[in-house]
Amino acid sequence: YKALDQASGEIVLLKQLRAVAPDQRQRFEAEAQLAARVDHPNVVRVLSVAEDALITEWVEGADLNATIERTGGLPPALATLVLHEAARGLAAVHDAGILHRDVSAANVLLGADGAVKLTDFGLASLAGEADREVRGTLGTLAPEAVRGDSVTPAADLFSLGAVLVHALTGRTPFAADASSGTLDAVLHTDPTEALIGDPRFPAPLVEIAASLLAKDPTDRPGSAAAAADQLAVVLDGFGTPDADDLATFLETPSAYRPARFVGASSAFPTIKPPAAPDRPPAPAGPSRRPSTVALASIAALGAAVLALGLLNRTTDSPDPIVEEPPAVLPVEVAERPDTDSLAGTADEPLVAASTAPPLAPEVVPVTPEAAPTEPQTAPDDPPAPSPSAPAADPPRQPAETAPPPPATGRLVVSSQPWASVEIDGQTRRTPFEIELAPGIYSLQFRNPGLPAVREQVTVSAGGETQAAVRLLDRLAEVTLDIRPWAVVTVNGAERGTTPELRSLYLAPGEHTIRFVHPQLGETTRTVSATAGASQRLTVLMTQE
């Protein structure tokens with residue numbers, strides 16, 4: 001319960017037992033005793049323990065799992081921040097001699113103020129106990145726990161790595177259609193392989209995830225504190241985002257401006273780079289330091305290549321004869337924006353513009369003669385050109401070839417929460433970018449549990465088109481208050497069971513909602529949904 005402590009005036013969380021089996025009561029009491037041993041800002045604080053009751057601080061906000069369902073994967077900088085704080089809390093748990101045994105996204109609370117707190121010690125155990133029982137959230141169990149081996153703090157680190165991948169991608173890393181498939185994935189697959197080379201995820205962060213998810217416990221970081229230190233290095237590369245940044249994202253995801261990673265490309269070399277192509281080994285020499293003569297030769301060679309490129313000479317012609325260059329007028333070099341090199345590209349030659357206007361084609365300059373004193377009669381034949389002024393070809397400006405128009409345009413697609421989008425024959429997950437031929441495209445955004453949303457976009461050649469969709473703004477929300485409970489179907493498709501199913505998101509239009517209870521019968525309601533609107537539907541299931 002969310003409750004008011006009348007003695008302190010604080011809002012608190014009250015956990016209270018009802019009629020439960022003895023083993024459940026024993027688990028509850030164990031959670032209370034273990035949780036009371038930990039005092040850390042990244043762990044939910046226990047205020048008091050009474051018979052059949054546990055009172056802890058109230059964290060106003062949502063857990064990480066619910067946040068991911070709402071927004072999709074977190075921006076990498078914020079995912080790093082959340083996992084860094086969770087790792088600090090886990091280190092405090094381990095320092096108290098406790099194994100958490102259920103580190104999962106649902107047990108990482110994100111406060112509205114940006115606080116991150118580890119919670120729920122219901123499956124915890126003392127680190128010294130030889131406990132082989134398989135307990136925890138299925139998709140975050142460590143391989144040794146799946147095999148039934150004794151677990152150590154390293155098992156919690158594996159779970160932490162699973163939460164990191166979940167936060168980055170928006171997907172549980174070992175999800176499968178059946179429990180057996182999930183357990184097999186935990187034992188045999190590495191979800192970080194799909195992250196390597198993805199420009200959204202910095203290599204050091206992927207390396208940390210890979211080390212946390214190592215199948216062998218001895219290959220994982222030595223402690224939760226060590227993992228937190230590694231994550232702190234990546235945080236520095238993001239400019240050290242803080243709780244205020246996380247709070248901004250939680251309140252209005254679109255208002256958060258993702259931070260760019262500017263740290264080292266690899267801080268924790270746990271991922272082997274792709275094998276380089278076979279090359280003959282370099283000859284061994286007596287020294288690794290190049291000689292001064294060699295450096296001078298390389299510099300001279302580079303200068304020669306640059307000069308040849310500027311003169312636009314071909315390498316197929318014989319050695320040119322070097323002549324004394326004629327005197328020329330001063331020239332101004334035409335400026336090209338965003339050019340860091342003196343040499344132009346093959347498509348954009350560097351052009352020198354003369355300060356004097358160029359002569360018109362086929363116009364030959366002649367030396368004027370003295371003006372005659374008397375009118376002269378035009379001769380029958382034109383005079384021959386003076387030998388002192390021979391005709392010469394005028395200088396020509398190199399022709400500038402316009403680059404061909406771009407054949408494609410860039411489409412940048414994003415959504416909140418995440419969605420899969422089928423385009424260009426492939427299904428992609430938001431966010432993503434794609435080069436497409438110019439034209440009009442119809443995008444269909446699909447997220448499990450939400451109706452599909454369509455968006456039409458126009459891609460222009462050489463341009464960039466943004467397709468940013470807030471799915472919930474296109475849908476209507478119906479909050480369910482069903483008493484005591486019911487199985488819910490919408491237009492004949494089952495959506496879930498209340499009270500676990502708290503809300504329905506419906507496309508605009510009329511919908512038939514059916515509520516079924518095995519003893520109390522069924523009730524049907526017709527709902528008119530309007531995009532962006534919300535309403536509450538209360539149904540009292542009674543036996544007719």
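The values are calculated or read from the model by the stated rules, or taken from the named source; none is laboratory data. Computed from a predicted model, the values in this text were never measured in an experiment. Methodologically, a virtual Cβ is constructed for each residue, glycine included, from the backbone with ideal geometry; neighbour enumeration extends over all protein chains shown. Note: areas computed on protein heavy atoms with side chains; ligands, DNA, RNA excluded. Shrake-Rupley method; radii C 1.70, N 1.55, O 1.52, S 1.80 Å.
Computed with a 1.4 Å probe over protein heavy atoms only, the accessible area of L235 comes to about 10 Å². Proximity of backbone amide H atoms, modeled 1.01 Å from N, is registered between I423 and R428 at under 5 Å, excluding neighbours fewer than 5 places apart on the same chain.
Sorting the segments 249-258, 221-230, 98-107 by their mean number of nearby beta carbons within 10 angstrom, highest to lowest, gives 98-107, 221-230, 249-258. Between T71, V43, W58, the Cα set farthest toward the positive side of the dipole of the stretch 34-109 (charges on each charged residue's Cβ, about the Cα centre) is that of T71.
So what's the net charge close to G114: Lys and Arg +1, Asp and Glu -1, counting the other residues with Cβ under 9 Å from its Cβ?
-4
As a ratio to 2.2 N^0.38 Å, the alpha-carbon radius of gyration computed for the stretch 189-256 takes the value 1.30. Going by accessible surface with a 1.4 Å probe and the largest first, D113, D39, D149 read D39, D113, D149.
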